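Worksheet for the structure shown next.
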Amino acid sequence: MTGGLVAAVLGALAISVGVQGLENGLARTPPMGWLAWERFRCNIDCENDPHNCISEQLFMTMADLLVSRGYTSLGYNVVSLDDCWPEHERDEQGKLQADSKRFPSGIPALADYMHKKGLQFGIYEDYGNYTCGGYPGILGHLKTDADTFAEWGVDYVKLDGCYADPKDMDQGYPDFGNLLNATGRPMVYSCSWPDYQLASGMTPNWTSIIATCNLWRNFDDIQDSWTSVASIINYYGDNQDDIAVNAGPGHWNDPDMLIIGNYGLSYEQSKSQMAMWAIFAAPLIMSVDLRSIDPKYEAILQNKEVIAVNQDPLGIQGRRISKENGIEMWTRPINPSHGDEHSYAVAVLSQREDGIPRPVTLTLKSLGLTSSDGYHVTDLFDNYNLGVVHPDDEITVHVNPTGVVLLKCVLASAQ
Ligand SMILES: *[C@@H]1O[C@H](CO)[C@@H](O)[C@H](O)[C@H]1NC(C)=O
Ligand SMILES: *[C@@H]1O[C@H](CO)[C@@H](O)[C@H](O)[C@H]1NC(C)=O
Ligand SMILES: *[C@@H]1O[C@H](CO)[C@@H](O)[C@H](O)[C@H]1NC(C)=O
(Lines give C-alpha, C1' and ligand atoms only; values in the text may rest on other atoms or scores of the structure.)
(Ligands and ions follow the chains in the order given, each with its own letter.)
Protein backbone atom coordinates (compact mmCIF):
# COMPACT_ATOMS: atom_id res chain seq x y z
CA MET A 1 0.00 0.00 0.00
CA THR A 2 1.27 3.50 -0.78
CA GLY A 3 2.08 6.19 1.75
CA GLY A 4 -0.82 8.27 0.47
CA LEU A 5 -3.28 5.50 1.17
CA VAL A 6 -1.80 4.99 4.62
CA ALA A 7 -2.32 8.67 5.36
CA ALA A 8 -5.91 8.46 4.12
CA VAL A 9 -6.64 5.47 6.34
CA LEU A 10 -5.09 7.15 9.36
CA GLY A 11 -6.88 10.43 8.66
CA ALA A 12 -10.26 8.71 8.59
CA LEU A 13 -9.62 7.33 12.03
CA ALA A 14 -9.00 10.50 13.98
CA ILE A 15 -11.06 9.79 17.07
CA SER A 16 -10.73 11.84 20.23
CA VAL A 17 -9.08 10.18 23.23
CA GLY A 18 -9.88 11.16 26.80
CA VAL A 19 -7.25 11.99 29.39
CA GLN A 20 -8.26 9.13 31.69
CA GLY A 21 -6.70 5.69 31.70
CA LEU A 22 -7.84 3.18 29.13
CA GLU A 23 -11.19 1.84 30.36
CA ASN A 24 -11.74 -1.37 28.42
CA GLY A 25 -12.30 -3.19 31.69
CA LEU A 26 -9.11 -5.25 31.22
CA ALA A 27 -5.85 -5.57 33.15
CA ARG A 28 -7.25 -4.22 36.42
CA THR A 29 -4.18 -5.83 37.95
CA PRO A 30 -0.92 -6.37 36.00
CA PRO A 31 -1.30 -9.09 33.32
CA MET A 32 0.32 -12.46 34.04
CA GLY A 33 1.32 -15.13 31.55
CA TRP A 34 3.94 -16.64 29.30
CA LEU A 35 5.59 -15.14 26.20
CA ALA A 36 7.97 -16.86 23.82
CA TRP A 37 10.46 -14.13 22.99
CA GLU A 38 13.24 -13.91 25.56
CA ARG A 39 13.78 -17.68 25.75
CA PHE A 40 12.82 -18.91 22.27
CA ARG A 41 13.50 -15.88 20.03
CA CYS A 42 13.07 -16.27 16.29
CA ASN A 43 14.05 -19.92 16.08
CA ILE A 44 12.17 -21.07 12.98
CA ASP A 45 14.29 -24.15 12.30
CA CYS A 46 11.69 -26.82 12.96
CA GLU A 47 13.53 -29.35 10.84
CA ASN A 48 16.65 -29.44 12.99
CA ASP A 49 15.21 -28.20 16.28
CA PRO A 50 11.57 -29.33 16.33
CA HIS A 51 11.11 -29.06 20.10
CA ASN A 52 12.33 -25.49 20.44
CA CYS A 53 11.24 -23.79 17.25
CA ILE A 54 8.40 -21.24 17.10
CA SER A 55 5.50 -23.56 16.28
CA GLU A 56 2.00 -24.33 17.46
CA GLN A 57 3.40 -27.35 19.30
CA LEU A 58 5.62 -25.16 21.48
CA PHE A 59 2.69 -22.96 22.55
CA MET A 60 0.38 -25.91 23.17
CA THR A 61 3.04 -27.62 25.28
CA MET A 62 3.61 -24.47 27.34
CA ALA A 63 -0.15 -24.09 27.81
CA ASP A 64 -0.40 -27.68 29.04
CA LEU A 65 2.40 -27.04 31.55
CA LEU A 66 0.93 -23.75 32.76
CA VAL A 67 -2.14 -25.69 33.77
CA SER A 68 -0.58 -28.95 35.00
CA ARG A 69 2.21 -27.27 37.00
CA GLY A 70 -0.24 -24.98 38.79
CA TYR A 71 0.79 -21.66 37.22
CA THR A 72 -2.69 -20.94 35.91
CA SER A 73 -4.31 -21.18 39.32
CA LEU A 74 -1.83 -18.54 40.53
CA GLY A 75 -2.91 -16.12 37.80
CA TYR A 76 -0.52 -16.81 34.89
CA ASN A 77 -3.23 -17.13 32.28
CA VAL A 78 -2.10 -15.56 28.98
CA VAL A 79 -0.04 -17.53 26.43
CA SER A 80 1.44 -15.20 23.82
CA LEU A 81 3.12 -15.53 20.49
CA ASP A 82 5.93 -13.13 19.79
CA ASP A 83 7.68 -12.38 16.50
CA CYS A 84 8.16 -14.85 13.62
CA TRP A 85 4.75 -16.54 13.63
CA PRO A 86 3.41 -15.30 10.23
CA GLU A 87 4.11 -16.11 6.65
CA HIS A 88 6.24 -13.50 4.89
CA GLU A 89 3.30 -12.62 2.62
CA ARG A 90 -0.31 -11.70 3.36
CA ASP A 91 -3.02 -13.72 1.61
CA GLU A 92 -4.95 -12.52 -1.48
CA GLN A 93 -7.38 -10.58 0.73
CA GLY A 94 -4.48 -8.82 2.46
CA LYS A 95 -4.93 -10.79 5.67
CA LEU A 96 -2.08 -12.01 7.83
CA GLN A 97 -1.58 -15.74 7.78
CA ALA A 98 0.36 -17.99 10.13
CA ASP A 99 3.37 -19.89 8.80
CA SER A 100 1.70 -22.97 7.31
CA LYS A 101 4.50 -25.39 8.18
CA ARG A 102 4.97 -24.33 11.77
CA PHE A 103 1.30 -23.54 12.54
CA PRO A 104 -0.49 -26.10 10.36
CA SER A 105 -3.73 -25.90 12.37
CA GLY A 106 -3.88 -22.12 12.05
CA ILE A 107 -4.21 -19.37 14.64
CA PRO A 108 -7.97 -19.74 15.35
CA ALA A 109 -7.37 -23.38 16.33
CA LEU A 110 -4.49 -22.36 18.59
CA ALA A 111 -6.61 -19.66 20.26
CA ASP A 112 -9.35 -22.23 20.71
CA TYR A 113 -6.89 -24.64 22.32
CA MET A 114 -6.00 -21.95 24.88
CA HIS A 115 -9.62 -21.04 25.55
CA LYS A 116 -10.57 -24.67 26.18
CA LYS A 117 -7.86 -24.78 28.86
CA GLY A 118 -9.19 -21.62 30.49
CA LEU A 119 -6.27 -19.59 29.13
CA GLN A 120 -6.16 -16.42 27.06
CA PHE A 121 -4.34 -16.12 23.77
CA GLY A 122 -1.92 -13.33 22.91
CA ILE A 123 -0.57 -12.32 19.51
CA TYR A 124 2.32 -10.13 18.36
CA GLU A 125 2.44 -7.54 15.61
CA ASP A 126 4.27 -4.32 14.83
CA TYR A 127 3.22 -0.76 14.07
CA GLY A 128 5.48 -0.48 11.06
CA ASN A 129 6.05 -1.88 7.61
CA TYR A 130 7.70 -4.99 9.09
CA THR A 131 8.04 -6.69 12.44
CA CYS A 132 11.51 -6.58 13.97
CA GLY A 133 12.13 -10.03 12.45
CA GLY A 134 11.11 -8.86 8.97
CA TYR A 135 7.57 -10.26 8.81
CA PRO A 136 4.63 -8.13 7.62
CA GLY A 137 3.81 -5.15 9.87
CA ILE A 138 0.36 -3.61 10.23
CA LEU A 139 0.99 -0.29 8.40
CA GLY A 140 -1.58 0.01 5.63
CA HIS A 141 -3.63 -2.83 7.11
CA LEU A 142 -4.71 -1.52 10.51
CA LYS A 143 -8.41 -2.26 10.19
CA THR A 144 -7.93 -5.61 8.49
CA ASP A 145 -5.54 -6.74 11.21
CA ALA A 146 -7.68 -5.55 14.13
CA ASP A 147 -10.69 -7.32 12.62
CA THR A 148 -8.62 -10.45 11.93
CA PHE A 149 -7.39 -10.62 15.52
CA ALA A 150 -10.97 -10.34 16.80
CA GLU A 151 -12.19 -12.98 14.35
CA TRP A 152 -9.36 -15.32 15.39
CA GLY A 153 -10.24 -15.09 19.09
CA VAL A 154 -7.21 -13.09 20.22
CA ASP A 155 -7.36 -11.74 23.81
CA TYR A 156 -4.11 -9.78 24.02
CA VAL A 157 -2.13 -7.86 21.41
CA LYS A 158 1.52 -6.85 21.75
CA LEU A 159 2.33 -4.17 19.19
CA ASP A 160 6.04 -3.58 18.59
CA GLY A 161 7.57 -0.56 16.85
CA CYS A 162 10.30 -1.65 14.43
CA TYR A 163 10.32 -0.24 10.87
CA ALA A 164 8.11 2.66 11.93
CA ASP A 165 8.71 6.36 12.44
CA PRO A 166 8.36 7.08 16.19
CA LYS A 167 6.81 10.45 15.26
CA ASP A 168 3.86 8.60 13.68
CA MET A 169 3.15 6.63 16.84
CA ASP A 170 1.16 9.36 18.64
CA GLN A 171 -1.38 8.89 15.89
CA GLY A 172 -0.85 5.25 14.99
CA TYR A 173 -1.03 3.52 18.37
CA PRO A 174 -4.31 5.27 19.34
CA ASP A 175 -5.73 4.56 15.87
CA PHE A 176 -5.04 0.86 16.21
CA GLY A 177 -6.39 0.89 19.79
CA ASN A 178 -9.61 2.44 18.53
CA LEU A 179 -9.84 -0.22 15.84
CA LEU A 180 -9.34 -2.96 18.41
CA ASN A 181 -12.08 -1.36 20.49
CA ALA A 182 -14.38 -1.10 17.48
CA THR A 183 -14.25 -4.86 16.96
CA GLY A 184 -16.20 -5.26 20.19
CA ARG A 185 -13.86 -8.02 21.35
CA PRO A 186 -12.01 -7.16 24.58
CA MET A 187 -8.27 -7.35 23.86
CA VAL A 188 -5.50 -6.25 26.20
CA TYR A 189 -3.34 -3.74 24.32
CA SER A 190 0.41 -3.88 24.98
CA CYS A 191 2.36 -1.00 23.41
CA SER A 192 6.02 -0.33 22.65
CA TRP A 193 5.30 3.31 21.75
CA PRO A 194 7.12 5.19 24.57
CA ASP A 195 10.15 2.89 24.31
CA TYR A 196 10.74 3.75 20.65
CA GLN A 197 10.04 7.44 21.22
CA LEU A 198 12.41 7.69 24.20
CA ALA A 199 15.08 5.84 22.23
CA SER A 200 14.77 8.42 19.45
CA GLY A 201 14.99 11.34 21.88
CA MET A 202 11.30 12.25 21.94
CA THR A 203 9.24 13.03 25.05
CA PRO A 204 6.29 10.61 25.19
CA ASN A 205 2.77 11.98 25.61
CA TRP A 206 1.92 9.99 28.74
CA THR A 207 -1.65 11.33 28.82
CA SER A 208 -2.32 9.75 25.48
CA ILE A 209 -0.38 6.56 26.24
CA ILE A 210 -2.30 5.95 29.48
CA ALA A 211 -5.58 6.55 27.64
CA THR A 212 -4.65 4.10 24.88
CA CYS A 213 -2.66 1.16 26.24
CA ASN A 214 -3.15 -1.37 29.03
CA LEU A 215 0.63 -1.69 29.34
CA TRP A 216 3.63 -0.22 27.63
CA ARG A 217 7.36 -0.73 27.43
CA ASN A 218 9.60 2.20 28.26
CA PHE A 219 13.09 0.73 28.20
CA ASP A 220 15.39 -1.78 26.48
CA ASP A 221 14.46 -5.40 25.78
CA ILE A 222 15.43 -7.65 28.64
CA GLN A 223 18.31 -10.07 28.00
CA ASP A 224 19.35 -13.17 29.89
CA SER A 225 21.70 -11.52 32.39
CA TRP A 226 21.79 -9.74 35.74
CA THR A 227 23.41 -6.77 33.97
CA SER A 228 20.22 -6.40 31.95
CA VAL A 229 17.90 -6.81 34.94
CA ALA A 230 19.95 -4.34 36.99
CA SER A 231 19.88 -1.79 34.15
CA ILE A 232 16.06 -2.00 34.10
CA ILE A 233 15.83 -1.62 37.89
CA ASN A 234 18.13 1.41 37.68
CA TYR A 235 16.04 2.90 34.88
CA TYR A 236 12.85 2.47 36.92
CA GLY A 237 14.48 4.11 39.94
CA ASP A 238 16.22 6.94 38.10
CA ASN A 239 13.07 7.84 36.12
CA GLN A 240 10.43 7.14 38.75
CA ASP A 241 9.18 10.72 38.92
CA ASP A 242 8.23 10.52 35.24
CA ILE A 243 6.91 6.97 35.05
CA ALA A 244 5.65 5.64 38.41
CA VAL A 245 2.63 7.95 38.48
CA ASN A 246 1.42 6.56 35.14
CA ALA A 247 0.70 3.12 36.58
CA GLY A 248 -2.72 2.15 37.88
CA PRO A 249 -5.55 -0.34 37.36
CA GLY A 250 -5.91 -0.88 33.61
CA HIS A 251 -2.60 0.79 32.66
CA TRP A 252 0.88 -0.39 33.63
CA ASN A 253 4.55 0.23 32.98
CA ASP A 254 6.09 -2.92 31.50
CA PRO A 255 9.76 -3.55 32.39
CA ASP A 256 9.65 -6.64 30.12
CA MET A 257 9.64 -10.39 30.75
CA LEU A 258 10.63 -12.43 33.79
CA ILE A 259 13.76 -14.38 32.84
CA ILE A 260 13.77 -16.48 36.03
CA GLY A 261 14.66 -20.13 35.37
CA ASN A 262 16.83 -19.47 32.30
CA TYR A 263 20.64 -19.31 32.12
CA GLY A 264 21.63 -15.81 33.21
CA LEU A 265 20.32 -15.25 36.75
CA SER A 266 21.51 -16.87 39.96
CA TYR A 267 18.98 -17.98 42.59
CA GLU A 268 19.48 -14.73 44.54
CA GLN A 269 19.18 -12.61 41.39
CA SER A 270 16.00 -14.46 40.43
CA LYS A 271 14.41 -13.52 43.75
CA SER A 272 15.57 -9.96 43.14
CA GLN A 273 13.83 -9.81 39.76
CA MET A 274 10.62 -11.28 41.18
CA ALA A 275 10.63 -8.90 44.17
CA MET A 276 11.34 -5.83 42.06
CA TRP A 277 8.68 -6.69 39.49
CA ALA A 278 6.26 -6.93 42.43
CA ILE A 279 7.37 -3.51 43.69
CA PHE A 280 6.97 -2.09 40.13
CA ALA A 281 3.38 -3.41 39.78
CA ALA A 282 4.81 -4.91 36.59
CA PRO A 283 3.19 -7.44 34.29
CA LEU A 284 4.47 -10.92 35.24
CA ILE A 285 5.16 -12.39 31.83
CA MET A 286 7.45 -15.41 32.09
CA SER A 287 9.74 -16.40 29.24
CA VAL A 288 11.23 -19.71 30.28
CA ASP A 289 11.17 -23.34 29.18
CA LEU A 290 8.52 -24.77 31.49
CA ARG A 291 9.51 -28.32 30.45
CA SER A 292 12.86 -28.11 32.20
CA ILE A 293 12.69 -25.32 34.80
CA ASP A 294 14.42 -26.20 38.08
CA PRO A 295 11.92 -26.51 40.97
CA LYS A 296 13.80 -23.87 43.00
CA TYR A 297 13.17 -21.32 40.28
CA GLU A 298 9.62 -22.48 39.74
CA ALA A 299 9.02 -21.84 43.44
CA ILE A 300 10.13 -18.22 43.01
CA LEU A 301 7.71 -17.72 40.11
CA GLN A 302 4.98 -19.40 42.17
CA ASN A 303 5.52 -17.51 45.45
CA LYS A 304 1.91 -16.63 46.33
CA GLU A 305 2.80 -13.85 48.75
CA VAL A 306 5.02 -12.08 46.23
CA ILE A 307 2.40 -12.50 43.50
CA ALA A 308 -0.17 -10.99 45.88
CA VAL A 309 2.04 -7.90 46.30
CA ASN A 310 2.38 -7.65 42.52
CA GLN A 311 -1.38 -8.00 42.05
CA ASP A 312 -2.36 -5.63 44.87
CA PRO A 313 -5.64 -3.98 43.86
CA LEU A 314 -4.53 -0.44 44.77
CA GLY A 315 -2.26 -0.68 41.72
CA ILE A 316 0.26 1.86 43.04
CA GLN A 317 3.75 1.46 41.59
CA GLY A 318 6.53 1.42 44.17
CA ARG A 319 9.46 3.81 44.43
CA ARG A 320 13.10 3.83 45.36
CA ILE A 321 13.50 5.65 48.67
CA SER A 322 17.27 5.51 48.88
CA LYS A 323 20.37 4.14 47.22
CA GLU A 324 23.58 4.14 49.16
CA ASN A 325 26.74 2.01 48.88
CA GLY A 326 24.94 -0.42 46.57
CA ILE A 327 22.02 -0.96 48.97
CA GLU A 328 18.62 0.26 47.81
CA MET A 329 15.37 0.69 49.73
CA TRP A 330 12.15 0.44 47.77
CA THR A 331 8.57 0.72 49.06
CA ARG A 332 5.17 0.07 47.55
CA PRO A 333 1.84 0.94 49.27
CA ILE A 334 -0.55 -2.02 49.32
CA ASN A 335 -3.75 -3.13 51.01
CA PRO A 336 -5.02 -3.46 53.68
CA SER A 337 -5.44 0.26 54.21
CA HIS A 338 -7.00 2.18 57.08
CA GLY A 339 -8.06 5.75 56.40
CA ASP A 340 -5.13 7.41 54.64
CA GLU A 341 -2.65 4.84 55.89
CA HIS A 342 -1.53 1.88 53.79
CA SER A 343 0.32 -1.30 54.37
CA TYR A 344 3.62 -1.61 52.44
CA ALA A 345 5.87 -3.97 50.63
CA VAL A 346 9.50 -3.07 51.35
CA ALA A 347 12.38 -4.36 49.25
CA VAL A 348 15.95 -4.08 50.47
CA LEU A 349 17.96 -4.74 47.33
CA SER A 350 21.71 -5.21 47.12
CA GLN A 351 23.58 -4.40 43.95
CA ARG A 352 26.82 -5.20 45.77
CA GLU A 353 28.98 -8.08 44.63
CA ASP A 354 31.26 -8.41 47.65
CA GLY A 355 30.76 -11.81 49.28
CA ILE A 356 28.94 -11.49 52.57
CA PRO A 357 25.26 -11.28 53.40
CA ARG A 358 25.29 -7.61 54.33
CA PRO A 359 23.55 -6.54 57.54
CA VAL A 360 21.26 -3.57 56.92
CA THR A 361 19.69 -1.80 59.89
CA LEU A 362 16.68 0.39 59.27
CA THR A 363 13.61 1.89 60.88
CA LEU A 364 10.25 1.80 59.14
CA LYS A 365 9.94 5.53 59.84
CA SER A 366 13.01 6.22 57.69
CA LEU A 367 11.10 4.61 54.81
CA GLY A 368 7.97 6.70 55.41
CA LEU A 369 6.01 4.06 57.35
CA THR A 370 4.74 6.09 60.28
CA SER A 371 1.59 4.40 61.62
CA SER A 372 1.90 4.65 65.40
CA ASP A 373 0.30 1.24 66.03
CA GLY A 374 3.08 -0.32 63.97
CA TYR A 375 3.11 -3.04 61.31
CA HIS A 376 3.04 -6.82 61.31
CA VAL A 377 6.23 -7.59 59.36
CA THR A 378 6.95 -10.82 57.49
CA ASP A 379 9.74 -11.81 55.11
CA LEU A 380 8.08 -13.10 51.94
CA PHE A 381 10.86 -15.32 50.63
CA ASP A 382 12.13 -16.83 53.87
CA ASN A 383 8.69 -16.97 55.45
CA TYR A 384 10.03 -15.31 58.58
CA ASN A 385 7.82 -13.37 60.99
CA LEU A 386 9.31 -10.29 62.67
CA GLY A 387 6.18 -9.61 64.75
CA VAL A 388 4.85 -6.07 65.27
CA VAL A 389 7.41 -3.41 64.40
CA HIS A 390 6.84 0.22 65.38
CA PRO A 391 8.07 3.10 63.21
CA ASP A 392 11.06 3.92 65.43
CA ASP A 393 12.12 0.32 66.12
CA GLU A 394 15.41 -0.70 64.52
CA ILE A 395 15.37 -3.91 62.54
CA THR A 396 18.31 -5.60 60.86
CA VAL A 397 18.05 -7.74 57.74
CA HIS A 398 20.83 -9.55 55.89
CA VAL A 399 20.93 -9.05 52.13
CA ASN A 400 22.96 -11.40 49.95
CA PRO A 401 25.10 -10.09 47.07
CA THR A 402 22.79 -9.04 44.18
CA GLY A 403 19.97 -10.39 46.35
CA VAL A 404 16.90 -8.97 48.02
CA VAL A 405 14.92 -9.09 51.23
CA LEU A 406 11.23 -8.52 50.57
CA LEU A 407 9.13 -7.57 53.59
CA LYS A 408 5.39 -7.20 53.86
CA CYS A 409 4.45 -4.63 56.48
CA VAL A 410 0.75 -4.89 57.30
CA LEU A 411 -0.81 -1.98 59.19
CA ALA A 412 -1.55 -3.18 62.72
CA SER A 413 -4.44 -0.68 62.88
CA ALA A 414 -6.11 -2.33 59.85
CA GLN A 415 -6.46 -5.69 61.56
C1 LIG B 1 6.40 2.08 4.77
O2 LIG B 1 6.30 1.71 3.40
C3 LIG B 1 5.76 2.74 2.58
C4 LIG B 1 5.55 2.13 1.19
O5 LIG B 1 6.76 1.60 0.71
C6 LIG B 1 6.71 3.92 2.58
O7 LIG B 1 6.18 4.96 1.80
C8 LIG B 1 6.85 4.43 4.01
O9 LIG B 1 7.78 5.47 4.07
C10 LIG B 1 7.31 3.30 4.91
N11 LIG B 1 7.26 3.78 6.29
C12 LIG B 1 8.28 3.64 7.12
C13 LIG B 1 8.11 4.21 8.48
O14 LIG B 1 9.32 3.08 6.83
C1 LIG C 1 -14.39 0.41 24.01
O2 LIG C 1 -14.23 1.65 24.65
C3 LIG C 1 -15.31 1.99 25.52
C4 LIG C 1 -15.07 3.41 26.00
O5 LIG C 1 -13.82 3.53 26.65
C6 LIG C 1 -15.36 0.98 26.65
O7 LIG C 1 -16.42 1.27 27.51
C8 LIG C 1 -15.53 -0.40 26.07
O9 LIG C 1 -15.47 -1.37 27.11
C10 LIG C 1 -14.45 -0.70 25.04
N11 LIG C 1 -14.77 -1.96 24.39
C12 LIG C 1 -13.83 -2.86 24.07
C13 LIG C 1 -14.30 -4.09 23.41
O14 LIG C 1 -12.64 -2.68 24.29
C1 LIG D 1 -1.20 14.55 24.41
O2 LIG D 1 -2.34 13.78 24.12
C3 LIG D 1 -3.55 14.37 24.58
C4 LIG D 1 -4.64 13.34 24.42
O5 LIG D 1 -4.62 12.80 23.12
C6 LIG D 1 -3.79 15.66 23.80
O7 LIG D 1 -4.99 16.25 24.23
C8 LIG D 1 -2.62 16.59 24.06
O9 LIG D 1 -2.75 17.74 23.26
C10 LIG D 1 -1.29 15.91 23.74
N11 LIG D 1 -0.21 16.75 24.23
C12 LIG D 1 0.79 17.12 23.45
C13 LIG D 1 1.85 17.94 24.10
O14 LIG D 1 0.84 16.84 22.27
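The values are calculated or read from the model by the stated rules, or taken from the named source; none is laboratory data. Being a predicted model, the structure only gives us computed values, none of them experimental. With ideal geometry, Cβ positions are generated from the backbone for all residues, glycine too; neighbour counts draw on all protein chains shown. Just the protein is used for accessible areas: all its heavy atoms, side chains included, with ligands, DNA and RNA removed. Shrake-Rupley method; radii C 1.70, N 1.55, O 1.52, S 1.80 Å.
Projected over all directions and averaged, the alpha-carbon convex hull of the chain occupies 20.4 nm². Can you tell me the orientation of helix 142-152 relative to the chain, as the angle in degrees between its alpha-carbon axis and the longest Cα principal axis, to the nearest 10? With both axes taken from Cα atoms, the answer is about 80 degrees.
Given a 1.4 Å probe and heavy atoms of the protein chains only, how would you sort L198, L364, largest accessible area at the top?
Values: L198 60, L364 0 Å².
These residues rank, largest area first, as L198, L364.
When M202, M329 are compared by accessible area of protein heavy atoms, the largest-first order is M202, M329, using a 1.4 Å probe. Of all the options T207, T402, T361, the one that moves most in a Gaussian network model of the chain with Cα springs shorter than 10 angstrom is T361. Give me the dipole magnitude in Debye, nearest 20, for the chain about the Cα centre, with unit charges on the beta carbon: positive for Lys and Arg, negative for Asp and Glu. Computed about the Cα centre, the dipole is about 700 debye.
Ordering W216, S190, L180 by Cα displacement along the dipole of region 121-240 toward the positive end leaves L180 in first place; charges were set at the Cβ atoms of Lys, Arg (+1) and Asp, Glu (-1).
For E56, E47, E125, write out the residues from largest to smallest accessible area, computed with a 1.4 angstrom probe and no ligands counted.
Details: E56 25, E47 165, E125 0 Å².
Reading off the accessible areas and sorting them downward yields E47, E56, E125.
Computed with a 1.4 Å probe over protein heavy atoms only, the accessible surface of the chain comes to 40 Å² per residue. Extending 7 Å from the Cα toward the beta-carbon at both S266 and D221 defines two label points whose distance is 2.8 nm.
Label sites at A182 and H115, each approximated as a point 7 angstrom past Cα along Cα to Cβ, lie 2.3 nm apart.
Taking Q302, Q171, Q20 in turn, the Gaussian network model of the chain (Cα-Cα springs below 10 Å) assigns the largest fluctuation to Q20.
Calculate for the chain the 222 nm mean residue ellipticity that helices alone would give, adding -39,500 (n - 2.57) per DSSP H run of length 4 or more and normalising by residue count, nearest 500 deg cm²/dmol. Taking each H run of at least 4 residues, the total per residue is -8000 deg cm²/dmol. Overall, the accessible surface of the chain at a probe of 1.4 angstrom is composed of carbon and sulfur to the extent of 48 percent.
Rounded to the nearest 20 debye, the dipole magnitude of region 243-308 is 100 debye, with +1 charges on Lys and Arg beta carbons, -1 on Asp and Glu beta carbons, and the Cα centre as origin.
Would you check the chain for Lys pairs whose C-alpha atoms are within less than 14 Å, ignoring same-chain pairs closer than 8 in sequence, and give me the count?
Numbers: K95/K143; K271/K296; K271/K304; K304/K408.
Close lysine pairs found across the chain: 4.
Against the chain, whose longest principal axis is taken from its Cα atoms, helix 267-279 shows a tilt of about 80°. Normalised by the number of residues in the chain, the mean separation of alpha-carbon contacts (under 8 Å, six or more apart) gives a relative contact order of 14 percent. With Cα atoms as the point set, the radius of gyration and Dmax of region 319-414 evaluate to 12.9, 43 Å.
Ligands, DNA and RNA excluded, the heavy atoms of R28 present near 100 Å² of accessible surface to a 1.4 Å solvent probe.
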